[in-house]
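Asker: Structure in structure tokens, see below.
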Amino acid sequence: MAPLAELLLRRNVAVSGSDIEFNSKCASLQAAGAQIFTGHRKENFAFDVTTAVFTSAAAADNPELLAAQEHGVPCFRRGEYLAEFAKNYRRVISVSGTHGKSSISALISSILSECGKAPGFMIGAQVDGMPSCSNGKNDDLFVTEADESDGTHTALKNFIGVVPNVEDDHSWSLGGKAVLEKNFRTFAANSEILLYYASEECDRLFAGHSHAVRLEMMPDEFAGLRGFQAANSFIAYQAALLAGCDETAAFRATANYPQVKRRMTVHHISEQFTVIEDYAHHPTEVEKSLELLRLNYPGKHLTVIFQPHRYARLERYFESFASALSKADRLVVVPVFAAWCESGKVGGAELAAAANGEYLSGSWQEIARSVAANLPEAGGIIAVLGAGDVEKVIAPLIEQLSGTGL
């Protein structure tokens, strides 16, 4: 929501909005000229509003949404309005799929920029060395993530549609796997060129596309990167070539892999311990993250702090989560980040037991102290994984490590 609002402000559109709490994104938008309210109230709705854009996480009884509907104001989900905004550009490059959207869209944007294409772009995460969004210097290219979780990726009309992978994550919120697959077929049909990695799922879904570019396999290494980061960089490089970039310049730009916040981010390095954060919140992502950590830090003891994200996801993939996480040398599971549903059939304690780990609850300071108290003397890697607020354990954990000289 915040990057989209920022793009509109830069086009001199008057923007107002609200959030449950006033955070750094609210402060940034307010400084840019938006009118920001804390808390959702009917009184926040201005009668001169001509368009209402809302997150799919907003409840149907949200008072501002109800006020917009009562006054006959056109209402769009974020992804739907993003598709309208993208019509400002001649060529849209959308990245959809289950894993890697933020990293791939950031890298495509970075490559195009370094190759002189000056694209507009919108990335759903913070990126070191570049903004999360830009209107670009012309109306030619626009790069964006296309969210499959609410089906709004079907609204975009793409010059290039990029799909690195498809799994059935989020199918529970759409009405089943069949709906999710139908949506991906629509996304593909809405793309003049479809760029994807070969897999049983993708080959089945995208069979018959008239302008499909099928990448036979994911590389183990590319442009100095390994594991899933190599796969992300290679498909981004291929997208840049399809957009008209020179091969040599694009490859050189690919080597400057942008560091997306919470994606294999190194927060602390000492002689004994390295603390790394990754956004992995699906069993495939957890598995690939641990594989990359083993590749990059061979022989190091690996402690994983994992926060399950959404009870529905944990229940659906419980056995796969347990299998992936059991490969850590030490596993700490913290309480579930609920996200839309406050309870479920299984929680963090059950996952820890199934994966031969330990379950810790309490404040982040308490969790950090417990983790730091039982680290191996020889040192190692501490990986903090999850898409919720588990990042809050990092600062107190580093404080504990610094205080003990680790």
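Asker: In the stretch 102-153, what residues are open to solvent by 10 Å² or more (accessible area, probe 1.4 Å), small (Gly, Ala, Ser) and touching a Ser or Thr at 6+ places or on another chain (Cβ under 6 Å)?
Answerer: Correct list: Gly124, Ala125.
Asker: Still on this structure, I have one more. Of all residues in the stretch 37-52 being among the β-branched types (Val, Ile, Thr) and open to solvent by 50 Å² or more (accessible area, probe 1.4 Å), which is farthest from Ala5 (Cα to Cα)?
Answerer: Thr38
Asker: Restricting to the stretch 374-401, name every residue that is farther than 24 Å from Val260 by Cα and either without any contact (Cβ under 8 Å) to a residue 12 or more places away in the chain or not in a helix (DSSP H, G or I) (or both).
Answerer: Selection gives Asn374, Leu375, Pro376, Glu377, Ala378, Gly379.
Asker: A further question follows. Which residue is most open to solvent (accessible area, probe 1.4 Å), if the candidates are limited to the stretch 363-373 and must be out of contact with any Gly (no Cβ under 9 Å at 6 or more places or on another chain), of a type outside the set (D, E, K, R) and in a helix (DSSP H, G or I)?
Answerer: So the residue we want is Gln365.
Asker: To continue, here is another question. Within the stretch 1-19, can you find the residues that are in a loop (DSSP other than H, G, I, E, B) and closer than 16 Å to Asn88 by Cα?
Answerer: Within the stretch 1-19, Arg11, Asn12, Val13 qualify.
Matching residues to (1) more than 22 Å from Phe228 (Cβ to Cβ); (2) within 14 Å of the chain's Cα centre (by Cα); (3) touching a residue at least 12 places away in the same chain (Cβ under 8 Å):
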site	(1), (2), (3)
Gly244	yes, no, yes
Glu247	yes, no, no
Phe251	no, no, yes
Ala255	no, no, yes
Arg263	no, yes, yes
Glu271	yes, no, yes
Glu277	no, yes, yes
His281	no, yes, yes
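Asker: Of the numbered conditions (1) open to solvent by 10 Å² or more (accessible area, probe 1.4 Å); (2) under 19 Å from Glu271 (Cα atoms); (3) in contact (Cβ under 8 Å) with a residue 60 or more places away in the chain, Arg316 fails exactly one; give the number of that condition.
Answerer: (2)
Asker: Which of the following residues is within 30 Å of Ser289 (Cα to Cα) and either surrounded by fewer than 18 Cβ atoms within 10 Å (Cβ to Cβ) or among the hydrophobic types (A, V, I, L, M, F, W, C) (or both): Val13, Val95?
Answerer: After ruling out the rest, the residue left standing is Val95.
Asker: Among strands (runs of 3 or more DSSP E) lying entirely in the stretch 28-123, which contain 1 or more residues that are touching a Cys at 6+ places or on another chain (Cβ under 9 Å) and over 30 Å from Met218 (Cα atoms)?
Answerer: By residue number, 35-38, 52-54.
Asker: Among the listed residues Leu325, Leu360, Leu351, Leu331, identify the single one that is within 16 Å of Ala387 (Cα to Cα) and surrounded by 20 or more Cβ atoms within 10 Å (Cβ to Cβ).
Answerer: Leu325
The values are calculated or read from the model by the stated rules, or taken from the named source; none is laboratory data. Computed from a predicted model, the values in this text were never measured in an experiment. Cβ: placed from backbone, ideal geometry, glycine included. Neighbour counts: every protein chain shown. With ligands, DNA and RNA removed, areas are computed over all heavy atoms of the protein, side chains included. Shrake-Rupley method; radii C 1.70, N 1.55, O 1.52, S 1.80 Å.
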